[in-house]
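See below for the structure under consideration.
Read-outs: derived from the displayed coordinates by stated rules, not from any lab. Being a predicted model, the structure only gives us computed values, none of them experimental. Quick reminder, even Gly has a Cβ in these numbers, built from the backbone with ideal geometry, and neighbours come from all protein chains shown.
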Amino acid sequence: MTSFQPGRLAAPKLQISHDARFVSIDGRQTELSTAESTLLSCLVAHAGEPVSRARLHFALRSSGNGRSVPPRAVDFAIRRLRLKLEPNPSVPQMLFTVRGKGYRFVPPNIRDARARTRGLEPLVAVKLASSLVRSRGLIQVLGGSAPARSGLVRDVIDELGGPPPGGVLWVSGRFSTPDELAIATATAGRPGLPVNLSLVEQLQARASTIVVIDAIAKPSDDIANQIRQWRIALPHLNWIVMTTHPMALPHNGIHDLGPTANAHDAARYIRTLSLDARLILSQLLASPGPVDLALVDHQADATVLEEVDRSGLVRISGRDAGRRATLITGATATVAASLSTSDQRHGQTKARRLVETLVPDFRIDRPWDLLTPSQEVAVQAARHHPLINGAIDDAIVHRRSRDLHVATSAISLMCGCMPRALTGDWLRTRGRRLLEGPHLPGHAAMVHLALAWLETVPFEPLFIGMPSHQRPERPRSMAAHHLETARRHLQQAQALAEEHELEHLQHAMLILRACWAVEQGRPDEARPLAHEARLTHQMSGQATGQALASLLLAELCTRRGEAHAGDRWLSEAIPLLETHHRPNLAAQVRVALGRMALAKEDTTQAALHLDAALVYGRSQTDRTLVALAADLMSEVEHRAGRTSEAALRRREARRALLRLGNPRLIGIHQEFRQSTDRVG
């Protein structure tokens with residue numbers, strides 16, 4: 001039997017059999033009916049979290065052998081469960097009703113642990129929820145351990161009847177500047193997606209959302225002013241700000257959870273930890289931000305993680321493979337004072353090796369591995385950008401040869417996958433500082449190339465073949481000084497590559513020069529450069545570069561109305577991208593091919609490409625890809641006379657756009673729908 005051990009003597013001791021047909025309360029065994037055991041199994045699988053009535057009703061129907069189950073059967077079964085499980089059913093201790101959400105099962109050990117860490121008065125969550133629900137509502141939470149803060153937020157959201165339509169955007173880390181806070185807020189909503197929108201534009205497109213800013217390490221006037229500006233510009237958002245000390249913010253409510261952790265007790269507890277648990281703490285100490293537990297250490301099993309979590313110094317969030325850990329505010333000094341020098345040195349070594357696993361190794365003959373990384377590499381880099389940024393800063397200060405090699409790869413990767421509107425200034429500054437000291441010619445040429453790629457807005461395969469009046473506007477106009485900066489970096493990279501015979505970097509520069517010419521409005525100059533780039537990459541075996549050159553040629557051909565040539569270049573790029581681990585770009589190219597086939601009334605080819613793109617987009621939760629592919633697929637179904645399928649695809653596109661929250665793409669969808677409705 002599964003046993004939930006109590007944390008206090010007053011709590012009942014609950015045991016559940018493996019098939020949930022028998023339960024034991026304080027030694028008293030009770031048999032459950034089929035409906036009761038089905039609901040209990042579902043609730044235990046989601047212990048501590050609300051489970052909707054619809055989910056429970058589906059579980060009853062699935063176990064009913066095809067028999068119809070009335071909706072009220074869930075409430076009746078829950079009532080019977082309370083009679084069998086609860087000592088006092090009128091005052092439940094394990095099976096709670098969550099207004100507007102359903103039911104939540106809290107085993108005794110979870111409930112008691114929350115009570116020990118939280119220590120709240122009964123009406124605190126009610127008061128804070130009433131303060132938060134106001135327009136531009138903001139509450140401050142001071143101090144407290146990670147479990148206490150998480151428990152308070154959960155209780156406040158439960159009092160509100162569940163999360164708002166836009167959900168809860170949880171931003172955690174150790175922030176000391178407004179830029180660090182802005183980058184973390186943007187990547188928390190869409191990790192790994194290079195959206196070239198400002199943070200305010202992204203948040204304006206979201207539905208009503210609760211933004212939780214957790215663990216501001218150094219509350220300052222600059223961070224307070226940044227939050228104050230966001231609060232004024234975004235009246236539909238509500239804010240929960242967690243800091244060590246009060247901030248100069250106009251708030252609707254405030255609650256002090258006490259000290260973040262008892263330093264003496266925490267230090268004494270750390271010394272009793274196992275070696276694996278201490279090594280995890282040392283690695284988190286050397287990591288300036290959240291780290292995926294799957295990458296922390298291969299020995300981080302459930303027992304070790306429970307040891308670390310019990311310390312109250314680490315916040316563990318997420319589920320399964322997406323679990324992340326970070327030191328809470330104020331815990332750095334305690335952990336550093338409690339760990340031995342050898343443990344800390346080992347943690348620093350592990351943190352450096354973790355960066356090396358996140359960043360592909362710099363090879364002079366494969367620059368596109370960094371400038372156009374695979375989706376898996378891009379997502380991991382975005383999730384761990386504080387760690388990668390810390391490695392870049394460390395290399396700039398110490399100038400060790402191995403660190404400079406990693407920093408060259410890191411800054412090139414960040415230029416290729418991070419949102420330009422948010423990280424552009426940071427990358428430009430670090431790039432200039434990295435180039436100031438001594439460096440190898442190949443490293444310097446690669447940094448110049450990456451900074452030029454940062455300044456030149458690349459073409460987007462998703463929009464190839466789309467009429468110019470339907471294309472989204474650029475996130476920012478390419479100002480003259482940006483283009484001039486790109487030209488200067490290209491010239492310096494070209495000089496270094498010619499002087500030291502770095503031919504692979506010269507081949508990559510051809511594509512950047514062609515992109516720069518397109519931005520300057522010189523397609524006649526860009527066309528021969530793209531042809532030369534394609535041939536040189538093909539001769540040197542650089543498939544990714546050849547595919548990018550083919551995509552650029554397809555873009556130039558479609559702009560001139562040469563649809564057949566554009567279709568040929570796109571078809572050439574797909575196998576190159578798929579065989580070299582760029583399925584995301586290949587799926588985008590399929591959307592472009594589907595659009596061009598639809599324009600030629602070839603619905604068979606259009607359906608073939610769009611269906612493949614939809615399958616990939618759904619599997620990767622790529623909402624931009626799903627939105628555009630489903631929108632085009634609805635037109636294919638409409639022309640084939642399948643109106644019901646067309647309506648389903650149209651709803652799928654609209655749902656993906658609303659979840660994505662990109663106002664530029666929503667405008668495309670509305671204009672496309674209006675144009676097709678007029679044609680119909």
>> Per 0.36 nm of contour for each residue apart, how much would the distance between residue 271 and residue 294 grow if the chain were fully extended, relative to their Cα-Cα spacing?
In response: 5.9 nm
> To the nearest 0.05, what FRET efficiency results for residue 130 and residue 604 with a Förster distance of 60 Å applied to their C-beta separation?
Replying inline: 0.55
>> Please compute the Kirkwood hydrodynamic radius over the stretch 382-440, one decimal place, Å, based on all pairs of different Cα atoms.
In response: 11.4
>> Starting from the 7 Å offset along Cα-to-Cβ, what nm value, one decimal, do you get for the label separation of residue 33 and residue 432?
In response: 7.4
> What number comes out for the charge environment of residue 365, summing +1 per Lys or Arg and -1 per Asp or Glu over other residues with Cβ under 15 Å away?
Replying inline: -2
>> Quick check: the distance between the Cα centres of the stretch 480-515 and the stretch 580-644, to the nearest angstrom?
In response: 35
>> Place a point 7 Å from the Cα of residue 363 along the Cα-to-Cβ direction; which residues of the stretch 526-557 have their backbone N under 14 Å from it?
In response: 540-545
>> Quick check on packing: order 29-36, 594-601, 88-95 by the mean number of other C-beta atoms within 10 Å, highest mean leading.
In response: 594-601, 29-36, 88-95
> Counting only residues 5 or more places away or on other chains, whose amide H sits under 5 Å from the amide H of residue 170 once H atoms are built in the peptide plane?
Replying inline: 212
> What's the extension gain from residue 340 to residue 564 if we count 0.36 nm per residue and subtract their Cα-Cα distance?
Replying inline: 73.9 nm
>> List the aspartates and glutamates whose Cα sits under 15 Å from the Cα of residue 127, skipping any in the same chain fewer than 8 residues away.
In response: 155, 158, 159, 256
> residue 619 to residue 233: extension gain in nm, 0.36 nm per residue of separation minus the Cα-Cα distance?
Replying inline: 135.5 nm
